[in-house]
Amino acid sequence: MKILVCVKQVPDAKDVRLDPKTNTLAREGVESIMNPYDRHALEEAVAIREKLGGTVTVVSMGPPQAEAVLREAIACGADEGVLVSDRAFAGADTWATSYTLAKTVQTLGGFDLILCGKQAIDGDTAQVGPGLACRLRLPYVACVQKTRQVSAAAIEVERMMDDGYDVLRLPLPALLTVVKDINEPRVASLKGKMKAKKAEIRHLTAAAIGADPQCIGLAGSPTQVVRVFSPEPRGDRRIFSGSVDEQVDQLVACLKAHL
Amino acid sequence: MDYFFTEQQQMIIDTAREITNEKIIPARAELDEKNQFPRAILEDIAKADLFSIFVPEEYGGLGGGGFEIVLAMEELARGCVGVATSFAASALGIFPVMIAGSNEQKQKYLPDIASGARWAAFGLTEANAGSDAAGIRTTAVEDGDCWVLNGTKQWITNGGESQIYSIVAMTDPNKGPRGASIFVVEDGDPGFSYGKKEDKMGIRSSSTRELIMKDCRIPRDRLVGRRGTGFITVMKTLDLSRPGIASLGIGLAQAALDEAVTYAKQRVQFGKPIISFQAVQHMLADMAIQLEAGRALVYAAAKHIDSHPKDMSKVSSMCKVFATDMAMKVTTDAVQILGGYGYMKEYPVEKMMRDAKILQIYEGTNQIQRNVVGQELNKEYS
């Protein structure tokens, strides 16, 4: 079983602050971590490999420092890491990102299963996993909470729904995005950390994956951020107390005062 | 303070810290409440390779020394001494094989211990043989190709949970200490069973249980070291393991100090956070001073012991006494600083205080440790 896991380096949600002047995310001095959902996707991939054998490759599109999350993934059990990095990718939205990742998958070739986190905690779009599946014309299921059975030919999963779950069976190759309920990620092992320190991370540029310059980065992104802002604080709120009659009286008096 | 750890040592600390923060702290109150063995957490510890720290490289371990074990155990104990004790018991249980075992025995057991596939336990204490280990009644008699063991071990950490047991039994009861030998007994051996599981004041997540050997027949090659050398191996085992127990005191006291300072900064009385009152500040200062002194002694002792010095027993006993008495004091003071809240199960410090008490008792009471230090001084100055 050849498994690919897509991971993203994101700012630690515990530290997220907005720059009050520019209203954009203040990234300076904020620690970067592996997107938490992606950790669950990685754990699931490693668990499947432990059962069926094979390899787990992690891929990340990002700046050179994103190499850190690939090393972390190797420490947690992945076999190899691939960083897709190029200045030309800057400003990519989910459409351009899924194109870039699809070209990467085609360049690396031959995966039976692709796992992604449900969404990244910085953008919160949940579009890249499904987008990648569409680009690659692969069957996919989003929000997987459990893999019930997996063989070389097919996988049976539970998809989390508001009121329960669906059981779905997909032929392989396929793509899944996973929620946090799927597993408890392991702590990186000592031997894994030693391996990660020495591991060679493969770097791929836009040229190396044969990307069309019109489809990547800002040029390939139909979504443009017009403005980022903090919502206006809501108006005055009051909680009335006392008996129901008293509360109604207070409410009516308050409404009259504002008429 | 910066103790200038090597890169590998820092990696061990970081890994144990992640286990503690992500796996132990969220689970500890429930494990304590339910008296529940932390099987899943030990499996996480195994996956993180922490069981391999103390196993030599040729048997699949990382080949670390006592100092590396101390660093890992300190971090685990910051989360829960019950969990850390269960981890430590596997090291204690396999030390006799590492110290005195044959190559075949090491080949057979050490790789599984390193990977965490099997856990070990140490069977010394009996109803009438605690501090006075010479009172052991369990016997081992040769019978053809087998040894036949009879007797009951009491208060055995990881009893019923481990798969490999180092059992101390008398092979020549008339010879006193020179008549003791160590055997490996495995879970499932004929005539080997588990008795009463204890309901304890603290370290409730750890399993403390009787081991019962009734005509327990084991192959001849389970004898560890030469016949009659059991006590020497036991003493060497405990010399190696005591800094580990001391490090549990350090981790526990650190956790108690963390809770006490955090609380003292938040709790407002008379219009001020209570940390602004000198009475509270001085208590916290004394806790921090004692803790750092204890840590320095334990680290120094562990490094000293890793060099296999002659005065191993004295140094090992010194650090065990100091760090565990300190942990009792610091956890008690932490409860005092949290006041009424500290006494309630809603806050973690009452558990820390209960857990601290055993550190002064097990692996040789602190009175026995003082005997060791005193006797060594007597010899040194003769």
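The values are calculated or read from the model by the stated rules, or taken from the named source; none is laboratory data. In this text, all values refer to a predicted model and were calculated from it rather than measured experimentally. Because the Cβ atoms are built from the backbone with ideal geometry, glycine has one as well, and the counts that use them run over all protein chains shown.
Tell me, which helices (runs of 4 or more DSSP H) lie completely within the stretch B:19-133 with 1 or more residues that are surrounded by 23 or more Cβ atoms within 10 Å (Cβ to Cβ) and away from chain A (no Cβ under 14 Å)?
Where helices (runs of 4 or more DSSP H) fall fully within the stretch B:19-133 and carry at least 1 residues being surrounded by 23 or more Cβ atoms within 10 Å (Cβ to Cβ) and away from chain A (no Cβ under 14 Å), they are B:25-34, B:66-79, B:81-100, B:103-115.
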Residues of the stretch A:77-127 satisfying the condition of being polar (S, T, N, Q) and part of a helix (DSSP H, G or I): A:94, A:97, A:98, A:100, A:104, A:106, A:107
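Each row is one residue, and each column tells you yes or no for (1) surrounded by fewer than 18 Cβ atoms within 10 Å (Cβ to Cβ); (2) within 14 Å of another protein chain (Cβ to nearest Cβ).
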residue: A:146; (1), (2): yes, no
residue: A:150; (1), (2): no, no
residue: A:162; (1), (2): yes, no
residue: A:175; (1), (2): no, no
residue: A:184; (1), (2): yes, yes
Residue pairs, Cβ under 7 Å, 6 or more apart or interchain, first in the stretch B:312-328 and among the acidic types (Asp, Glu), second surrounded by fewer than 24 Cβ atoms within 10 Å (Cβ to Cβ). List them. B:325/B:360; B:325/B:366
Going through the stretch B:196-235 in order, the residues found to be of a type in the set (Asp, Glu) and over 30 Å from residue B:249 (Cβ atoms) are B:215, B:221
Hey, does the stretch B:105-128 have a residue that's assigned by TED's automatic domain parsing to the domain that holds residue B:196 and free of Cβ contacts under 8 Å to residues at least 24 places away in the same chain? yes
Identify the single condition in (1) part of a strand (DSSP E or B); (2) modelled with pLDDT under 95 that residue A:167 does not satisfy, given that it satisfies every other one. (2)
Inside the stretch B:232-279, can you point out the residues that are closer than 20 Å to residue B:67 by Cα and among the basic types (Lys, Arg)? B:236, B:242
Looking at (1) touching a helix residue (DSSP H, G or I) at 6+ places or on another chain (Cβ under 9 Å); (2) within 22 Å of residue A:207 (Cα to Cα); (3) surrounded by fewer than 19 Cβ atoms within 10 Å (Cβ to Cβ), which is the only condition residue A:96 fails? (3)
Taking the stretch B:197-224 and keeping only residues that are part of a strand (DSSP E or B), under 21 Å from the mean Cα position of the chain (by Cα) and of a type in the set (D, E, K, R), one is left with B:197, B:209, B:210
The stretch B:194-220, residues that are surrounded by 14 or more Cβ atoms within 10 Å (Cβ to Cβ) and over 30 Å from residue B:353 (Cα atoms): B:212, B:213, B:216, B:217, B:218
Can you find a residue in the stretch A:188-211 that is assigned to a loop (DSSP other than H, G, I, E, B) and within 14 Å of chain B (Cβ to nearest Cβ)? yes
